[in-house]
Each structure stands twice: as C-alpha cells, then as structure tokens.
1. Where the eigenvalues come from the Cα gyration tensor of the stretch 110-259, what are the semi-axes √(5λ) of the equivalent ellipsoid, largest first, in whole Å?
2. Using the number of other C-beta atoms within 10 angstrom as an exposure proxy, rank 115, 248, 72 with the fewest first.
3. Of the peptides 49-56, 239-246, how do they stack up when ordered by the mean number of other Cβ atoms within 10 Å, highest first?
4. Take every DSSP beta bridge whose two residues both sit in the chain, then give the antiparallel share in percent to the nearest 5.
5. Can you compute the modelled spin-label distance between residue 204 and residue 236, with each label point 7 Å from Cα toward Cβ, in nm?
6. Per residue, how big is the convex hull of the stretch 215-259 when only Cα atoms are used? Give it in Å³.
7. Rg(Cα) of the chain divided by 2.2 N^0.38 Å?
8. Would you please state the base-10 log of I(q)/I(0) at q = 0.19, 0.20, 0.26 1/Å for the stretch 60-124, with intensities from the Debye formula using one equal scatterer on every alpha carbon?
C-alpha cells in the first residue's frame with residue numbers, strides 16, 4: 001500500500017511538471033494566429049484524434065462554410081486489444097458511429113468523412129506494397145479535394161500510428177505536387193509535453209489558435225467518444241487515463257510547422 005501511494009505521488013508530480021512545461025511552451029513560445037478561409041483535410045490515425053487535436057479549428061472552419069474533410073486512417077479496433085470480451089468488429093462500428101456524431105457536433109457532414117480502415121496499431125508495420133497503396137489513396141484524396149491545408153499529428157507524437165500518419169501524409173503531399181501547407185497537431189504530446197524535442201525545427205514554429213467561441217462545440221464532440229473515456233464493460237478501465245480529456249479543454253489549439 002505504501003509503495004503504491006509513493007508511486008502515485010511521483011506520477012502526480014511528473015504530470016504537474018508536464019502541465020507547467022506545457023503552459024510555458026504555450027504562452028512563451030507560440031505565436032498567435034487567426035482562423036482562416038483555407039480549405040482543409042484533417043488526417044487522424046484514430047477516431048477521436050481529430051477532435052482532440054483540432055476540433056476547435058474544424059468547428060471554426062465549418063462555421064465559416066470552409067470546405068473541410070476528415071480522414072481516419074485506422075479502424076480503431078485495437079484500443080481494447082488486451083480484453084477478449086470486447087469484440088473488435090463491434091468496437092470498429094462503435095468508434096465510427098462516435099466519430100460521425102462527434103463531427104456532426106463540429107459541423108462536418110457524413111459525406112465529408114472517410115474511413116480508410118487500416119489496421120489499428122499497425123501503420124508502422126505495413127508492407128512496402130501496402131504502404132505504397134496507402135500513400136496512393138491519400139494522393140487521390142488530395143487531388144480530388146484540392147485542400148490548401150492539411151492537418152496531421154505531430155511527427156514525434158509518441159504513439160507509432162501518429163508518427164506514421166504524419167509520414168504517410170507527408171509522402172502523399174509531396175507526391176501530389178500540390179501547394180499544400182502542412183500543420184501538425186499534438187495529441188499525446190499534450191499529455192506528456194516533457195517528451196518534446198525542444199531542438200526540433202517544428203518547435204521553433206509553434207502557433208496557437210484561439211477557440212474560445214467554439215470550445216463548447218469541441219467539448220460536446222469529445223463527449224461523443226464514450227468508448228475511450230468511460231467504461232464500456234463493467235470492471236474494465238477506460239483506455240484514456242483520468243484527466244486526459246481535460247488537457248484539450250484549453251481555449252487554444254496548438255500547431256507546428258516545419259518551416
């Protein structure tokens with residue numbers, strides 16, 4: 001009992017340190033930007049990353065009638081992989097329904113949502129042929145939709161699927177030969193910002209977008225993802241750690257640019 005309490009205190013101190021680092025980084029290092037009229041595609045590895053990372057941005061663009069699409073790369077089936085009592089196929093359906101409901105709250109119609117169905121947790125393990133096919137899929141989407149901006153997870157965002165989503169989208173943008181601006185949004189990095197590489201090019205180009213006017217829409221959208229923050233079967237802890245969602249109730253969203 002004493003050991004558990006000791007480690008809990010250490011964990012709490014580390015999380016507090018993370019929050020302090022994050023606030024310093026947000027208010028001292030970032031540059032303020034405003035919402036714009038540029039058409040966009042938001043690429044998300046999993047159903048919820050899009051709302052966590054840039055739900056406010058999505059809502060602002062939708063309020064202004066800006067063309068915007070959301071693309072989910074993986075099927076989300078592996079979030080409870082260690083629990084055989086949870087059917088992966090049912091979880092895929094649940095997470096798709098949650099994503100549609102969340103994005104409806106932000107103003108995105110079902111016709112602008114794409115589910116590519118790649119293996120959850122397996123983007124970094126795609127064969128060379130599968131990777132090429134995925135990049136080509138993304139290139140086709142870019143050429144069809146002609147976005148001026150794309151939003152992708154931060155390229156060092158801890159989770160392998162997040163890192164690989166960045167790599168796949170970056171490859172597709174280059175292959176498309178379209179003049180697209182790439183903005184990276186942190187997800188897990190906001191939970192553990194002490195893992196940031198403060199020497200990276202991206203962290204010299206940090207931007208904050210105020211989302212005060214749409215924060216309630218973002219919170220409502222996040223509430224749709226019940227499979228991630230609440231117990232879907234009695235006795236099984238939610239996949240997201242306590243307090244994780246609250247990290248994204250900030251009045252700002254953060255983006256990195258490579259240059």
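1. Its equivalent ellipsoid spans semi-axes of 26, 21, 17 Å.
2. Ranking 115, 248, 72 by Cβ neighbours within 10 Å, fewest first, gives 115, 248, 72.
3. Top to bottom by mean Cβ count within 10 Å: 49-56, 239-246.
4. Taking every DSSP beta bridge with both residues in the chain, the antiparallel ones total about 25 percent.
5. Between residue 204 and residue 236, the simple spin-label model gives 4.6 nm.
6. Cα-based convex hull of the stretch 215-259, divided per residue, equals 97 Å³.
7. Rg over 2.2 N^0.38 Å, computed on Cα atoms: 0.99.
8. -0.76, -0.81, -1.09
A short reminder: the numbers here are calculations on the coordinates, not readings from a lab. Here the structure is a predicted model, which means the values were calculated and not measured. Neighbour counts are summed over all protein chains in view; Cβ atoms, including those assigned to glycine, are modelled from backbone coordinates with ideal geometry.
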